[in-house]
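Contents: one structure, followed by commentary.
The values are calculated or read from the model by the stated rules, or taken from the named source; none is laboratory data. In this text the structure is predicted, and so the values were computed from the model without any measurement. Heads up, the Cβs are rebuilt from the backbone with ideal geometry, glycines too, and the neighbour counts pull from every protein chain shown. Please note that ligands, DNA and RNA were not included when accessible areas were found on the heavy atoms of the full protein model with its side chains. Shrake-Rupley method; radii C 1.70, N 1.55, O 1.52, S 1.80 Å.
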Amino acid sequence: MSSGRWKVLLRQTLFPMNIASFIPYIRFSKLANITLVYIGYWLSVVFKRVFIWGYPYAVSIETSAICNLRCPECPTGKNTMEREQGLLSYPDFTQLINKVEEYAVYLNLSLQGEPFLNPDLFKMIRYATDHNIYTSLSTNGHFLDSLTAVEIIQSGLKKIIISVDGTDQETYEIYRKGGSLKKVLDGIGYLSNAKTEKQTKYPEIIIQFIVFMQNEHQIKEIQQLGIQLGATKVELKSAQLNGNDIGLLTTIEKFGRYSKENKTLTIKSKLRNRCFRLWETLVITWDSTVVPCCFDKSVQYKIGNLKNNNLSSVWKSLAFNQFRKKILTERKKVIICCNCTEGLRIKY
């Protein structure tokens, strides 16, 4: 492996996020656990055997599996997700946090649906914050108003990722079907103004711009718009397609996740036999089901359920370790991996 590749790999695993933001959430016991996670992972990669010496320090909990938009490449928006859709209850959420708080540093409160459709969302954020966990979520931005902006700040949310896939309504609604660009931009403005009034740096406001063919000419515009709205940063992301909708493909090479062969899309990633996410991150759906990663949208690989089980029995279960073993030896045969780019995201 080239020295350049090693540097990228180390940066992605050791420093996947802004480490300074997480220092207040890392006490000695959590740091020791993180160390064990890395040691176990690299031993697993080298020896092609599963070593699980630590517990997940990153957790994704699906607060909502329903959405108000109809995005064409989203199984929730298309209503093609092959599992029951619903909202996470507050008692179930607190139970989950109680099981992971000893190890968790980072919490993502979104998976498939729109988090702000859950009426208990702010209570959940506050509960996680009170248990010393950095909280983040992704939203389509349609539920941000002046009152919600204040509630977001008071809840203790540290990062909010808001999807803005166009700088005019015509372009935006090609993908965000049923959405209003004006409502989203107004909402970002409310949140930015509230941060200024409260004199706080949180939550970080991340504008996410998925690069499609129809909006690729607006990259400079979205960057300027992000500055005008007071966003912390703009992230340009490659599009994940669950079908073969070639009409959405960007012509910009570095944002191209796929190669096109005879009207069939093929992932460009080499899909090496390893995936750090399976050692560091716990992914939980709204009904407390554990899946291997966020790409398992329809729960094709059910690992277990945390409602009536403790963390260790699920995290170190035979089912999870068999899945990890398959990733270490024949990852290309795992369906959910065949649409993964291992983090193809360009930040500006």
Residue-normalised accessible area of the chain, given per residue in Å² at a 1.4 Å probe: 45 Å²
Computed [θ] at 222 nm, deg cm²/dmol, the chain (DSSP H ≥ 4; -39,500 (n - 2.57); rounded to nearest 500): -10500 deg cm²/dmol
At least 27 Å along the helix axis (C-alpha) and Kyte average at least 0.0, DSSP helices within the chain: 28-47
Carbon and sulfur %, accessible surface of the chain computed with the full protein complex present, 1.4 Å: 53 percent
Long-range Cα-Cα pairs in segment 12-117 (distance over 21 Å), rounded percent: 52 percent
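Length gain on complete extension for the stretch VAL150 to LYS316, per 0.36 nm per residue less the alpha carbon to alpha carbon distance?
On the way: separation 166, 0.36 × 166 = 59.76 nm, distance 4.03 nm.
Computed gain between VAL150 and LYS316 is 55.7 nm.
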Debye log10 I(q)/I(0) at q = 0.27 Å⁻¹ for segment 185-251, Cα point scatterers: -1.12
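Cβ neighbours within 10 Å, averaged per peptide: list 103-109, 127-133, 310-316 in order, most packed at the top.
Numbers: 103-109: 23.7, 127-133: 18.3, 310-316: 15.1.
The densest-packed peptide leads the list: 103-109, 127-133, 310-316.
With the cut-off at 22 Å, report for segment 62-140 the share of all Cα pairs above it, as a whole percent. Don't skip to the answer; put the middle values down first.
Working: 788 of 3081 pairs.
I get 26 percent for the Cα pairs in segment 62-140 exceeding 22 Å.
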Separation of the CYS338 and LYS254 label points, Cα + 7 Å toward Cβ, nm: 3.0 nm
